[in-house]
Amino acid sequence: MSCSTYPKASTRTYPECVDALIDKLKKDELTYPPAAVYQYNYNNQRVYFVPAPCCDFFSTLYDDSCRVIAHPDGGITGRGDGRAADFFELRTDEVKIWEDTRKP
C-alpha cells in the first residue's frame, strides 16, 4: 500500500477505522463500478457509504466507528433493508474518500 493512496492521518477528516475498511476493499475482487467510500452528513452525524458492487447486493452505511447503520439500497427489492430509507434524500456534504483504481 502506498502512503499516497489516501490522506495521511494528520490531514484526514475521517476515523482510522475507515482505513481498515479501504484496506479490506482493496483485497476484495475488482468490481464494476469500482468500489468506493464516500463521507456524508446524515441525521446530524458523519457517515461513510460504500455503494453496492452490483444489482441485488446491498450498499452499506457505516457510522464513525465503522459499525453498520443500514443498507440504504440494493437487495432483491432495490430498497435496501429499510433502516435508512431517507438516506439519499437527506444526505449532504459528499466527499469521495477513496475509489478503487485497479485495472482488470
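Taking amide H positions as placed in the peptide plane 1.01 Å from N, state which residues far from ILE69 in sequence (5 or more) or on other chains have amide H under 5 Å from it.
LEU61, TYR62, ASP63
Rounded to the nearest 500 deg cm²/dmol, what is the calculated helix-only ellipticity per residue at 222 nm for the chain, with -39500 (n - 2.57) per DSSP H run of length n ≥ 4?
Result for the chain: -4000 deg cm²/dmol, rounded to the nearest 500.
Could you please rank TYR32, TYR38, TYR14, placing first whichever residue has the fewest other Cβ atoms within 10 Å of its Cβ?
Working: TYR32 9, TYR38 17, TYR14 20.
In order of increasing Cβ crowding within 10 Å: TYR32, TYR38, TYR14.
Going by amide H atoms built from the backbone, whose H comes under 5 Å of the H on TRP98, apart from near neighbours?
Residues meeting the criterion, in which the H sits 1.01 Å from N, are VAL37.
How large is ³J(HN,Hα) for each residue in the stretch 54-70, as worked out from phi by the Karplus curve 6.51 cos²θ - 1.76 cosθ + 1.60 (θ = phi - 60°), to whole Hz, x for Gly and Pro?
4, 5, 7, 7, 7, 7, 10, 10, 10, 8, 6, 10, 6, 8, 5, 8, 5
Since every read-out is calculated from the coordinates, none of them should be taken as a lab result. The structure presented is a predicted model; accordingly, all values stated were derived computationally and were not measured. Neighbour counts are summed over all protein chains in view; Cβ atoms, including those assigned to glycine, are modelled from backbone coordinates with ideal geometry.
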